[in-house]
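Only one structure is covered here, and it is reproduced in the block below.
Each reported figure results from applying straightforward, stated rules to the coordinates on display, with no laboratory input. Predicted model, so just to flag it, every value in this text is computed and none were measured. Note that each Cβ is placed from the backbone with ideal geometry, even for glycine, and that neighbours are counted across all protein chains shown.
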Amino acid sequence: MSNLSRRAFFESAAVIGVTSSIFPATLFAASEAGAEITIDTIKAAEVLSGLSFTDAERELMLAGLQGAVEDYAAIRAYDLPNSIPPSLVFDPSIGGKKAPTQPSRLPVSWQPSPMERPPSDEELAFLTVPELSSLLKAGKVTSLELTELYLARLKQYDPVLECVVHVTEERARRQARAADAELAAGQWRGPLHGIPWGAKDLLNVEGYPTTWGAEPYRDQELKSDAEVVQRLDAAGAVLVAKLTLGALAMGDVWYGGRTNNPWNIERGSSGSSAGPGAAVAAGLVGFAIGSETLGSIVSPSTRNGVSGFRPTFGRVSRSGAMALSWTMDKLGPMCRSADGCALVFDAIHGHDPGEPTTVTTSFNWPVHRTAQELRVGMLSGAFENLEDRAVLDVLREAGVDLKPVEFPDIDPGPILMMLRVEAAAAFDQLTLTNRDDLLVRQDQGAWPTTFRRARFVPAVEYVNASRVRTVLMRAMKLMFDEIDVLVMPSFGNRGLSITNLTGHPSVTVPHHFNEVDDSPIPERRNPASITFVGGLWEDESALAVASLFQSNTNHHKQRPPIR
């Protein structure tokens, strides 16, 4: 069986019995190990599937199951790198709301407001994207100055934060000099021209390893740049670093250690966009690109006190990005303000011919309707603590009329088997070749265990989970028929799971900082966040309400102690 044996499928498939013979994957391993698939094998498999057949029915199935192992072997024989997607494509519009058709991308009407250069480099490092853009366009700072500042800060603070995989020093200086030459000649590419940024290290950058945060891939170099990297290059942004992610996009633990939270380095920065969250919060980059499948932008944005934007599924190309779940992965910006997220999103959204899920639809920034004109819902029963209720007070005082709403009465938990199955398929070669043992985490909730468990999910259940997902999407469409934006606590409710499954956009921003009890460093805090969810393809609406909240508060302007 060579490397397909996977220790004769976890060292147990050769013994046919109730404890070891379950589902086709095990039937395949048993056959390869020389064991015969029998009626008793089928009986054992029925236990896990929750089914019960008669002996006559089992007899009719037997020959087909014995022959199926040849099909499984044929599929496994194909070389399927992570970059090969399934032929089935997820489309959020199945829920009932189509993406508005636009002939082309519409440029934002935003222009920088005049401002003075701050007196210190420390203050300069923490400016928002709009503020940096203003200084660059006015010639009050150069891209090379900013690039050298951020490169120095990356090197200074990475030993504490462990948020950097590779500093792209040579590439960055070359881009910065080119940006300065264009700006000096009066050629302004737009709001990101000359601004240094960091990429989560699941984005391909030619000439540098793309490690996915995992030991088996630490020396992996992939040809060509990710589509998002190409679009940011075209916008004139300057890539200064590839930033950490938890191994294969889980948590904040990667092959080099744990990425730490600059507000309280005794805590990890959460994940999986751990490096982008820490680097943006610590003023090491002007902005970063993260990714989310199930909380990987929302969670580190919360933990690090930054503004994170998860666009509508399909609005940003994932070409050249590591695939974890083809029906749930999203790329999005992490910045120091919601306004910054909007400007970064404008540079990266739109259809990519190489990515079949992508669409082009309008994005208007500033928004045509004011936030006060939008219909804003609040999640009923979710605002129990004082800090969360304070968010509602800020919005009401700003003129927003809030309407209580509830999520559909559908449990998203069982549907999430789709994520686990897709992730197992995306990294099947790790399981089959035993290289999953190289991953740092080896526990019940870690990827190696999840990948192995997913091998036993019946295909019929996966398809039916997708159909229940359609029911959920249609129910969410009815909810958003009544509102434009939903405000909710980022955690403690079903919103994170539901909106990731349905593809809705969300903006997560800091709204409170909790003191750390008995901390030796009095400045340490634990940030908390609030999330604004928009209707499908109405990304600017969620950003507008988040921007309104930030224009009336200063939580996003706070700086961490980084110690």
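Details
- Nearest-ten-degree value, helix 417-426 long axis tilted from longest Cα axis of the chain: 90 degrees
- Under 9 Å, Cβ to Cβ, from residue 526 - net charge with Lys/Arg +1 and Asp/Glu -1: +3
- Axis angle, to the nearest 10 degrees, between helix 39-49 and the longest C-alpha principal axis of the chain: 30 degrees.
- Principal semi-axes in Å for the range 111-180 [√(5λ), Cα gyration tensor, largest first]: 23, 15, 9
- Read-out Kirkwood radius over Cα pairs in Å, derived from the coordinates shown; its label in [x] 24.6; [y] 34.8; [z] 23.7: [x]
- Residue-averaged [θ]222 nm for the chain, counting only DSSP H segments that reach four residues, each worth -39500 (n - 2.57): -11500 deg cm²/dmol
- All Cα pairs of the range 419-563, percent lying beyond 18 Å: 70 percent
- Charge context of residue 176, other residues only, Cβ under 14 angstrom, K/R +1, D/E -1: -2
- Subtracting the Cα-Cα distance of residue 113 and residue 185 from their residue separation scaled by 0.36 nm leaves 23.9 nm.
- Note on residue 75 and residue 470: the model spin-label points, each 7 Å out from Cα along the C-beta direction, lie 2.1 nm apart.
- Straight-line cross-link reach from residue 97 at under 30 Å between alpha-carbon atoms covers these lysines, not counting any fewer than eight positions away in the same chain: 330, 403, 477.
- Cα-based convex hull, the range 288-388, per residue volume (Å³, whole number): 140 Å³
- Share, in percent, of DSSP beta bridges within the chain that are antiparallel, nearest 5: 70 percent
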